[in-house]
Amino acid sequence: MDKYLIVGLGNVGDEYDLTRHNTGFMVLDAFAKASNISFADRRYGFVAETSLKGRKVFLLKPSTYMNLSGNAVRYWLNKENIDQQRLLVVSDDVALPLGAFRLKASGSNGGHNGLGHIQQLIGQQYARLRMGIGNDYPQGGQIDWVLGRYTDDDLKTLQPSIDTAVEIIKSFVLAGIDITMNQFNKLGKR
């Protein structure tokens, strides 16, 4: 059976709920809710499992610190013997406006510490879905911005993109990265 690992990046703990840096967690929570599955506390993270048309899908929210996310990703790839081509990492991105998103088959970490650590451990050859959180902060204010909570208005803007991200994950598993990029990237521009 083909296996897929979908990773949402974020920070564990109530104090990080609904913060911009936890957008990856929010996408996986939405996918789990839509699939009627729940997360269990496992090694290096919270894991939920489901199947899509005979394909096994593991959802992972790493419980490591964001800048050590690669440990969780590498562990679950190895533990479940999942091909790196079947890995999709969902992260926040200050370079994209709120509500925008971009799906890529590989590439740089764009300055994101979570993606940077994953790249150190497994390289750049994995798919990533970058969810825009905007960058409306003063010089030197990036940390406060990414760890800041979304406002209700922000969440209204973000929700359609989270819903689309759930569809992107399904398409990635069922149709592959190229078809999914062609189908969805034009929707993600703002």
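The values are calculated or read from the model by the stated rules, or taken from the named source; none is laboratory data. Nothing here was measured: the structure is a model prediction, and the numbers come from that model. Glycine gets a Cβ as well: all are built from the backbone with ideal geometry, and neighbour counts include every protein chain shown. Protein only, heavy atoms only, side chains kept; ligands, DNA and RNA dropped before computing areas. Shrake-Rupley method; radii C 1.70, N 1.55, O 1.52, S 1.80 Å.
Quick one: pull the percent of accessible area on the chain belonging to carbon and sulfur, 1.4 Å probe, ligands and nucleic acids left out.
Carbon and sulfur atoms account for 45 percent of the accessible area of the chain.
Using unit Cβ charges (K, R positive; D, E negative) and no other charged atoms, how large, in debye to the nearest 20, is the dipole of the stretch 71-151 about its Cα centre?
Details: 8 positive and 6 negative charges, 47 e Å.
So the dipole magnitude of the stretch 71-151 works out to roughly 220 debye.
What does the charge count near Gly107 come to, summing +1 for each Lys or Arg and -1 for each Asp or Glu among other residues with Cβ under 15 Å from its Cβ?
Summing Lys/Arg as +1 and Asp/Glu as -1 gives +2.
Work through the residues other than Val89 whose Cβ is under 15 Å from its Cβ and net out their charges, Lys, Arg +1 and Asp, Glu -1. Write out the running numbers ahead of the final one.
Details: positive: Lys61, Arg74, Arg86, Arg102, Lys104, Arg128, Arg130; negative: Asp83, Asp92, Asp93.
Value of the local net charge: +4.
Please give the calculated 222 nm ellipticity per residue for the chain, where each DSSP H segment of at least 4 residues contributes -39500 (n - 2.57) and the sum is spread over every residue; nearest 500 deg cm²/dmol? Could you put the intermediate results ahead of the total?
Values: 6 runs with 71 residues, N = 190.
Rounded to the nearest 500, the figure is -11500 deg cm²/dmol.
Order these peptides, 11-17, 125-131, 28-34, 142-148, by their mean beta-carbon neighbour count within 10 angstrom, highest first.
The densest-packed peptide leads the list: 125-131, 28-34, 142-148, 11-17.
Applying 1/(1 + (r/R0)^6) with R0 = 22 Å to the Cβ-Cβ distance of Lys104 and Gln159, what FRET efficiency is obtained, to the nearest 0.05?
With a Förster radius of 22 Å, E is 0.45.
Per residue, how much accessible surface does the stretch 84-128 expose to a 1.4 Å probe? Answer in Å², no decimals. Working shown, then result.
Details: 1660 Å² over 45 residues.
For the stretch 84-128, the solvent-accessible area averages 37 Å² per residue.
How much net charge surrounds Val173 when only other residues with a Cβ under 9 Å from its Cβ are counted (Lys, Arg +1; Asp, Glu -1)?
Spelling it out: positives minus negatives among the neighbours equals +3.
Extension gain Lys79-Gln183, at 0.36 nm per residue separation less the Cα-Cα distance, in nm?
Here the answer is 34.3 nm.
Which one, (1) 18.1, 83; (2) 15.1, 49; (3) 16.0, 45, gives Rg and Dmax of the Cα atoms in Å as derived from the coordinates shown?
Identified label for the calculated read-out: (2).
Full extension from Leu68 to Glu49: what is 0.36 nm times the residue separation minus their Cα-Cα distance, to one decimal in nm?
Taking 0.36 nm per residue and subtracting the Cα distance, the gain is 4.6 nm.
Mind grabbing the accessible area of Val94 for me, 1.4 Å probe, Å², rounded to tens?
30 Å²
Please sort through the DSSP H helices of the chain and keep those with an alpha-carbon extent of at least 30 Å along the long axis and a Kyte-Doolittle average not below 0.0. Let's see the in-between values first.
Details: long enough: 152-175 (33 Å, 0.26).
Result, helices passing both filters: 152-175.
Taking +1 at the Cβ of each Lys and Arg and -1 at the Cβ of each Asp and Glu, which of Leu5, Tyr150, Ala40 sits farthest along the dipole of the chain towards its positive end, judged by Cα position relative to the Cα centre?
Comparing the listed Cα positions along the dipole, Leu5 ranks first.
Among Trp76, Gly54, Ala100, which residue has its Cα positioned farthest towards the positive end of the charge dipole of the stretch 32-110, with +1 placed on the Cβ of Lys and Arg, -1 on the Cβ of Asp and Glu, and the dipole taken about the Cα centre?
Farthest along the dipole direction, towards plus: Gly54.
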